[in-house]
1. Quick one: pull the percentage of alpha-carbon pairs in the stretch 68-115 with a separation above 13 Å.
2. Among 45-53, 84-92, how do they line up by average Cβ neighbours within 10 Å per residue, starting with the highest?
3. In a shell of Cβ-Cβ distance under 11 Å around Arg262, excluding Arg262 itself, what net charge do Lys and Arg (+1) and Asp and Glu (-1) give?
4. Which angle between 0 and 90 degrees, to the nearest 10, do you get for helix 194-206 versus the longest principal axis of the chain when only C-alpha atoms count?
5. Under the √(5λ) rule applied to the eigenvalues of the Cα gyration tensor, what semi-axes describe the equivalent ellipsoid of the stretch 10-78? Give them in Å, descending.
6. Using heavy-atom solvent-accessible surface (probe 1.4 Å) with all chains present, what is the largest-first order of Lys93, Lys159, Lys42?
7. At q = 0.06, 0.07, 0.09, 0.14 Å⁻¹, what is the base-10 log of I(q)/I(0) for the chain according to the Debye formula with one equal point scatterer per Cα and no solvent? Please give it to two decimals.
8. Taking the mean number of other Cβ atoms within 10 Å as a proxy for protection, how do you rank 358-367, 190-199, 255-264 from highest to lowest?
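The values are calculated or read from the model by the stated rules, or taken from the named source; none is laboratory data. On a predicted model such as this, the values are computed, not experimentally measured, just so you know. FYI the Cβ positions are ideal-geometry reconstructions off the backbone, even for glycines, and counts take in every protein chain you see. Accessible surface is based on the protein model in full, side chains and every heavy atom, while ligands, DNA and RNA are left aside. Shrake-Rupley method; radii C 1.70, N 1.55, O 1.52, S 1.80 Å.
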Amino acid sequence: MMQNRGMNQDLTQEINRSLILKNLRREEMCSRAYLAGLTGLKQATVTNIMKDLLDAELVKEVGFLNGSKGRRSIGVSINSEKYRVIGVRLARKHYSVGLYDLSGGLITENRVDFRPGEQMDAQMTLAKIAGDMHALMKRYKKDKILAAGMAVPGPFIAKKNRIALITGADIWKDVDIKSFFDREMEIPVFLEHNANAGAYAHMWDLKKDYQDDILIYIAAGQGIGAGIIMDGKIYEGALGTAGEIGHMSIDRNGRDCACGNRGCLERYASSLELVREIYGDKAGTPGCNFEDVERLVGEGDEVCVEAYRRACESLGIGIISLVNVLNPNRIIIGDDMAFPNPALMEQVVRETVKKGVLKDVWEDLKLSVSVYEGDAILRGAAFVAIDHIFDTPGQFIKEEFDSVK
């Protein structure tokens, strides 16, 4: 019985640590008394846990705050100076690796583009990513890197840690990415669908403005996926493939798709299809890539602008179904397809969706194109790792907590 009581005490302490860290992260800076009110914990409990968190350097004191009746209290915030996480983004034509602090602040980032026509091998690509991660850990060995988050394209079978299908990149089919990193890395690596990672990044950027809405982030790039957040958590579905709107049909008699369906959204609204529509068989050759389309749309080229407009309209048609099924409060569109002309995309998508949903539903919906600075999906991968750390901090810095007992 004594052992069970001790185990229950440890579990309760870990739950309370997590509760305090997550609320402090959202508030950015506040007093112990304010945290007690937010969490419902006794102020003495908050004070005791805060002492452990301060000693372990997960949080820090940041000066005085003015309270009610002229009282002043010491403010606390997440300590972004000691612990680090790695964010990784794997895409069809590139990968990126970045180092972040526990507040999601970027320290350094490296992007590697695959050369056109290069014969890629899944194991070789993973080995390069692992090599870049090891190089970061060696370079920043004075910091304590606790974990890594990795955003991958979908459909991603989260329950089996593998990618089911990447159109035009069959090398990833059935590769167990998690097992590879479990073998190669001395820190835990957590996998997440790239759209879910993008949704995490936007949710944490919104902070208090998020207010537990149903938030959907649409990653419209080389493929199309939707990260769905409900009550502050990703909705994954039975196998973890929820949000694969790229393989939602918008035309049952439409173009064939590699998934076996016809008329899939990504065959009309992805960056790969936009390039194919404009350049035909020359797509992917020098001077016929998405970067060229982006430049020409920016310059007002009539052919490219019209093709881009049609792609945005197709995206809007897909979003109509998403709105009717999930009734979200907020939709944010990001990734490659948002880059050529964000204002035009927002205009076309809004006009298309407004026509296709009920008036009351439209009036309650905030639909916009992302204005996120930097790579939201890469940063979101880092947030995935941070979330795991804040869920169970004792598992990641057990030595630090043990040393202050």
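1. 66 percent
2. 84-92, 45-53
3. Residues close to Arg262 contribute a combined charge of +1.
4. 50 degrees
5. Those come to 19, 13, 10 Å.
6. Solvent-accessible surface, decreasing: Lys42, Lys159, Lys93.
7. Debye output, listed in q order: -0.27, -0.37, -0.60, -1.25.
8. Peptide ranking by packing, descending: 190-199, 255-264, 358-367.
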